[in-house]
Amino acid sequence: MKLDFQDKSILERLQRNALLSVAEIAEQINISKSACWRRIQKLEQGGFIRGRVTLLNPEPLQLTLTVYILIKTNQHNEQWAKRFTEVIGNIPQVLEAHRMSGDVDYLLKAVVPDMAGYDVLYKRLITADLFDVSSSFVMETMKETTQLPIFI
C-alpha cells in the first residue's frame, strides 16, 4: 500500500492526538468523514496503525527513575532466549526490550520509583541467568517522543 498525502496527514494527526474524532481529522485535511473513516480503516488493515494508547505522565505515578539496562549473555540458544523473554515479559517496569548487535546482547528501558525499586527489578531480571548487567540512569530527558517522522 502506497501512502498519499492525505494518508500521511491522517497518520500525522493520529500520532499527535489519538483522541481526535474522524470528523475533526476529516475537517483538518479537507475530506469527507466517510472518506476519512475508510482511509483510517485501510491504514489499520495495512498495518500502519498498531494501536491507540494514552501516554501517561510517570511523575504523578511515582515512576521517576528511568533506567537503561545493558545485558550480556553467554547463552545464545533458543531455550535461554525463551526464558529471558518470559522473565522480562513478567516485569511491568520493563517498557522496552531490544536484542542488539555489537558488544551488548540486549538493551532494556525500564521505569521505577527509585533506586530501591531498581534493586527489586534487578533481582527479578537476574533470575534469567545473565552473564553481565550494566545500568545507566537518566538524569535529564531533553527529548522524548512516540511520534515517528512522517515526511509529507
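The values are calculated or read from the model by the stated rules, or taken from the named source; none is laboratory data. No experiment lies behind these values; they were computed from the predicted model shown. Cβ sites come from the backbone with ideal geometry, for glycine too, and all protein chains shown count toward neighbours. These area figures cover heavy atoms from the full protein model, side chains too; ligands, DNA and RNA do not enter into them. Shrake-Rupley method; radii C 1.70, N 1.55, O 1.52, S 1.80 Å.
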Here is a check on your reading of the model: is Lys109 within 20 Å of the chain's Cα centre (by Cα) and of a type in the set (D, E, K, R)? yes
Could you list, ordered by first residue, the pairs with Cβ atoms under 7 Å in which the first is in segment 123-152 and over 13 Å from Val67 (Cβ atoms) and the second is open to solvent by 90 Å² or more (accessible area, probe 1.4 Å), at least 6 apart or interchain? Ala128/Arg83; Phe131/Asn74; Thr146/Leu55; Gln147/Arg16; Ile152/Phe5
Check Ile88 against each of (1) outside any helix (DSSP H, G or I); (2) under 19 Å from the mean Cα position of the chain (by Cα); (3) surrounded by 14 or more Cβ atoms within 10 Å (Cβ to Cβ) and name the one condition it does not meet. (1)
Would you confirm, using the coordinates I've provided, whether Tyr118 is touching a residue at least 12 places away in the same chain (Cβ under 8 Å), open to solvent by 70 Å² or more (accessible area, probe 1.4 Å) and assigned to a helix (DSSP H, G or I)? no
Of the candidates Lys109, Lys143, the one satisfying the condition of being of a type outside the set (Gly, Ala, Ser), touching a Phe, Trp or Tyr at 6+ places or on another chain (Cβ under 7 Å) and at pLDDT 95 or above is Lys109
